[in-house]
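Structure record follows, encoded as structure tokens.
The values are calculated or read from the model by the stated rules, or taken from the named source; none is laboratory data. Everything quoted here is computed from the prediction, not taken from an experiment. Every residue, glycine as well, gets a Cβ built from its backbone with ideal geometry; the counts of neighbours run over all protein chains shown. These area figures cover heavy atoms from the full protein model, side chains too; ligands, DNA and RNA do not enter into them. Shrake-Rupley method; radii C 1.70, N 1.55, O 1.52, S 1.80 Å.
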Amino acid sequence: MKKKFKILIASLLLTTFILYTLSFIQTEQKVYQSFIHDDVLNKSESTQTFNYNDFIPPSSTSTEQESILYYGRVLKYYYANSIKVKDTDIDELELFFADFSDADKAFAIQNLLSSTINISIYGSSSDAEFFAESFSKWLNTPDEQKNKSWEITNNFFIEILPDILKQAGVLKYTQEKIVDIVNKKIDTESLVTYDTTLINLPSDPVDLKYGSTSLQNFAKNYWKGIGQNDAGALNYISKQFSSQNYSALEKAYSVVKNWMYDSYTPASSESIASFNAFNTNTYSSFDELDNELLDISQANDKVSRLPFKKIYDNLEATYLLKTPKSSNDFEQWTYADTQNLKELTLFLYNMLFSLISNETWVENLLTGFIVSPDSPLKSNDENVMGYTSTSSSNQGAEYSYIVLTGISLTYKEFNSQYTMGFWSSPAKFNTLIHEFGHALDAFGSKPNSARSNNYKKDIHYWEMYSGNIFGDYIPTSDFTFEFWKDPSSTIIIGAIGIVSVVSITYLSLNYKSRKKNEEKEKD
């Protein structure tokens, strides 16, 4: 009898444990069903014929992310129509890509042109990374390094993007209107163009402070990579195609190596002035912004999802004592760094408002912001400096949150990643701006209902990141609240109840049996 009872108890306990575990698996699935920008792979529609300067939509059979993060594809279309290139260069490239589908051939050329304007090896890997790197180039490039490429990018962000952002929705619903908006700019006489036909540097070249002493050496390193194992932009571009025909793209080097002279042409003073004037300065101080974000992002657990000041101050207190360094690219933290980071965050949000023109939508752009002392970040490769995760439905993006490793904020200006052409901006805190670029990209596909909701009740810190974080948050989940909301909790409670009833009954009967035996012994 005792043996059978023990088996029953063990079975019930095992059932309870399995159901309990499944409840957490379901919660985790909600997180992993969202997508992280690094996973985006872009394929062009192979059943249609395109020219390199057409808008080339992502394939209808490709990943869901492409209909959510598509601003990079729109920007490439704009770039392809803002560049002067020889017909003979295009003909030669088409011969190299003869084995590609017509759409892939056009898209490969469009990527080569775009990666000439926006110099970023990492940005060459996908539409999503391309947009994030372009956003960082636009927002975070010092005046001294603002060149013709920056001017063209600036025109896109201040003259085109605000109208595009108003469309709200996945690409299949917004494409026609967006392309029309871009076309209106392309057809104007004020369109600034990048000239790939130049054969000499301008008379007053911008000092971009790249690692190589000559443009020819830098172009070789940028397109082909430095050393035997280091991949350049051509290799990264090849990852965007199902064929991944790197050998064909490698041949393209003979053409593209001569395209970069106009990168050294300074941006016009008018374009820099237009950039400065674009800032509406809606938020007057960092503290005002921080208080607003703290208030709107606090959920039932009384924990704010956007505690920028607490994060930055905690990071300062930690890194002033000792800043983790892994190479010469990182530098010791100072009080000035904290102040500059706060000012950059204020500037970032003010520029986001200038783009979006809706305070609620700007403040809901992020559902969570986390900086971790972990390096590497938990469950990530050691080279990952940060990531943006976006949850979506078939209607578009819902919410995004950012996770950074603190080390990413200690990169010094003009670090080796920039000087080799891997990143587009030489400025400090480039990783922060890059990740916000992903969040802005996702915002574009949000329906207006999602833009008005900050989803603060839908996801907890422990769902965003399970490792260590800067700030005063203690990672103890609001288990009771979440538990009662879960439908499987009824089953779990029932199982626990059965175990409890059976256990109490057994103990009671066992107690009575022992009492009877004791009485018999006394008799």
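Data for the structure
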read-out: Exceeding the 20 Å Cα-Cα cut-off - candidates K172/K239; K137/K310; K148/K209; K105/K137; value: K172/K239; K137/K310; K105/K137
read-out: Space enclosed by the convex hull of the alpha-carbon atoms of segment 140-254, per residue, Å³; value: 184 Å³
read-out: Model label zone, Y246; criterion: amide N under 20 Å from point 7 Å along Cα-to-beta-carbon; scope segment 115-151; value: 115-116, 120-127, 129-130
read-out: Heavy-atom SASA rank of D329, D295, D99, D143 (probe 1.4 Å, accessible area, largest first); value: D99, D295, D143, D329
read-out: Förster radius 56 Å - calculated FRET efficiency between A277 and K302, Cβ distance, rounded to 0.05; value: 0.85
read-out: Other-chain or far-sequence residues with amide H under 5 Å of Y399's (modelled H); value: S391
read-out: Across K76/K251; K146/K184; K224/K412; K257/K342, pairs whose alpha-carbon gap is larger than 30 Å; value: K257/K342
read-out: K86-K325 pseudo-label distance in nm [points 7 Å out on the Cα-to-Cβ vector]; value: 4.8 nm
read-out: N200 versus S452: modelled label distance in nm, points set 7 Å from Cα along the beta carbon direction; value: 6.1 nm
read-out: Tail beyond 13 Å, pair distance distribution of segment 335-383 (Cα, percent); value: 70 percent
read-out: Kirkwood Rh in Å, taken over segment 216-374 so that all alpha-carbon pairs contribute; value: 20.1 Å
read-out: Kirkwood Rh, Cα atoms: Rg over Rh of segment 69-199; value: 0.96
read-out: Positive-end extreme of charge dipole, segment 112-219 - chosen from N183, L165, Y210 (charges on Cβ); value: L165
